[in-house]
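Heads up, the thing below is written out as structure tokens.
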Amino acid sequence: MPTTSGPETPAVRILVTGANGQVGWNLQRTLSPLGDVVALSRDQLNLSNLDAVAQAVRDTGANLVVNAGAYTAVDKAESEPELARVVNALAPARMAEELARSGGTLIHYSTDYVFDGTKDSAYVEDDPTAPLNVYGQTKLEGEQAIAASGCAYVILRTSWVYDIRGKNFLRTVLRLAREREELRMVGDQFGAPTWARAIAEATLVIAVQLLRRRNTLDAQSRADGGIFHLTAAGQTSWAEFADAIIKEYDDCCSWPADSGEFGQPLKVKNIVSIATAEYPTPAKRPLNSVLSNAKVQAVFGIALPEWRSQLRLAMQDAIR
Ligand SMILES: NC(=O)c1ccc[n+]([C@@H]2O[C@H](COP(=O)([O-])OP(=O)(O)OC[C@H]3O[C@@H](n4cnc5c(N)ncnc54)[C@H](OP(=O)(O)O)[C@@H]3O)[C@@H](O)[C@H]2O)c1
């Protein structure tokens with residue numbers, strides 16, 4: 001019979017919020033090798049109930065909270081600024097306060113939309129922020145509250161998140177492509193489409209390093225402000241991204257017909273690239289939101305592949 005050699009390190013307890021979101025859904029799977037993952041959906045933990053947020057952090061006794069829940073409806077946020085602020089700023093602030101008390105760590109996600117898009121190259125972490133919309137403003141307030149809390153934290157600013165599940169651009173494009181012959185897509189906004197799975201996997205790599213080298217990295221993350229950009233490599237426009245989605249879909253045309261929405265034929269023949277001005281939306285969006293990933297590579301050794309190769313892998317996931 002095998003013998004044990006001394007006490008084991010106590011299991012890590014991880015609280016994941018926004019469990020039904022694109023990143024949250026993936027986190028439940030990728031973080032499981034680390035310990036007990038308690039993943040709560042909006043129904044189980046509504047981030048607009050700040051006392052419930054604090055209670056959940058205490059009740060789970062989490063060493064690590066990964067906050068994937070957020071008010072992400074960018075246009076709707078313009079007419080619901082208070083709710084967006086509670087979910088995106090006050091809720092992470094409460095998590096951070098609790099973790100500052102308990103000594104736990106927070107991994108939180110923020111957005112490329114904290115920038116105004118006027119820079120003509122990739123944004124670095126300490127470039128000046130100037131959000132153009134309520135969503136970006138409330139996400140920025142969340143960042144600032146976490147930084148002020150005194151807890152150990154890593155904030156990952158990502159962009160243009162997609163997956164084969166959930167509400168996202170990829171699924172919208174495929175739905176429209178089944179219905180219409182021509183799609184009009186914005187061609188003068190530039191960013192990096194980032195697969196939710198890749199964000200979750202990078203979060204695992206970061207979490208391992210945070211938990212194993214905690215003291216060192218806590219000091220470092222405080223000194224650095226704890227903000228990191230994390231996107232796929234490369235850049236594209238929404239129009240070019242839509243074109244790539246259609247092409248990748250067509251390349252997989254031998255998919256079995258039982259692949260649900262991913263097994264359906266597309267009607268689309270043409271993608272027309274239009275200017276932002278031709279597609280007015282309630283929320284303004286930055287023209288350039290490409291983020292430099294140099295810091296996350298230097299500190300955590302993470303370099304996500306080019307967006308297009310990730311898109312191909314994501315599409316292949318739809319094959320059953
Ligand atoms: N999506 C993007 O393009 C994008 C871009 C840059 C940064 N980010 C950031 O990346 C992180 C992950 O986003 P994602 O792409 O996974 O977004 P997502 O797919 O929209 O998921 C967000 C999740 O938050 C949940 N949520 C919304 N309001 C809530 C509330 N009051 N209480 C509890 N949960 C609530 C949603 O619940 P339901 O499922 O019930 O709706 C959803 O499951 C967020 O911090 C987001 O700001 C996203």
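Karplus-based coupling profile of the stretch 299-311, in residue order and whole Hz: 8, 10, x, 9, 9, 5, x, 4, 4, 5, 5, 5, 4, with θ = phi - 60° in 6.51 cos²θ - 1.76 cosθ + 1.60 and x standing for Gly or Pro. In the stretch 16-138, Cα pairs under 8 Å separated by at least six residues give a relative contact order of 25 percent. Amide H contacts of Glu125 (H built 1.01 Å from N, in plane; Pro and chain starts excluded): no residue 5 or more places away or on another chain comes under 5 Å. Working note: 222 nm ellipticity from helices only, DSSP H runs with n ≥ 4, each -39,500 (n - 2.57), summed and divided by the residues of the chain, gives -11500 deg cm²/dmol to the nearest 500.
In this structure the amide hydrogen of Tyr153, modeled in the peptide plane, comes within under 5 Å of the amide hydrogens of Leu106, none closer than 5 places in sequence on its chain. The Rg/Rh ratio of the stretch 83-208, with Rg taken over Cα atoms and Rh as the Kirkwood radius over Cα pairs, comes to 1.02.
Evaluating 6.51 cos²θ - 1.76 cosθ + 1.60 at θ = phi - 60° for every residue in the stretch 131-137, the Karplus couplings come out as x, 9, 9, 4, 4, x, 5 Hz, glycine and proline recorded as x.
Across the stretch 154-165, computed HN-Hα scalar couplings (Karplus, 6.51 cos²θ - 1.76 cosθ + 1.60, θ = phi - 60°) run 10, 10, 10, 7, 10, 8, 6, 6, 9, 7, 7, 10 Hz from first to last residue, x flagging Gly and Pro. Pairs spanning more than 23 Å between alpha-carbon atoms, out of Lys76/Lys139; Lys76/Lys119; Lys76/Lys267; Lys76/Lys269; Lys119/Lys269: Lys76/Lys119; Lys76/Lys267; Lys76/Lys269; Lys119/Lys269. Scaled against the 2.2 N^0.38 Å expected of a compact globular protein of N residues, the Cα radius of gyration of the stretch 1-100 reads 1.27. Bridgeable aspartates and glutamates around Lys167 (alpha carbons under 17 Å apart, same-chain partners fewer than 8 residues away excluded): Asp75, Glu261, Asp317. For the chain, the carbon plus sulfur part of the accessible surface works out to 50%, probe radius 1.4 Å. Bin all alpha-carbon pair distances of the chain at 20 Å intervals from 0 and give each bin's fraction as a whole percent. With a bin width of 20 Å, the distribution comes to 32, 56, 11, 0. Residue order by solvent-accessible surface for Asp59, Asp250, Asp126, Asp112 is Asp126, Asp59, Asp250, Asp112, largest first, with ligands and nucleic acids left out and a 1.4 Å probe.
Accessible surface calculations at 1.4 Å, restricted to protein heavy atoms, place the chain at 46 Å² per residue. Summarising the amide proton neighbourhood of Ala39: residues at separation of 5 or more, or on other chains, whose placed amide H is nearer than 5 Å comprise Val16.
How much of the DSSP bridge set in the chain is antiparallel, in percent, rounded to the nearest 5? Percentage antiparallel, nearest 5: 5.
The values are calculated or read from the model by the stated rules, or taken from the named source; none is laboratory data. Since the model is a prediction, treat every value here as computed from it, not as a measurement. Each accessible area value is taken on the protein alone, full model and side chains, heavy atoms only, with ligands, DNA and RNA left out. Shrake-Rupley method; radii C 1.70, N 1.55, O 1.52, S 1.80 Å.
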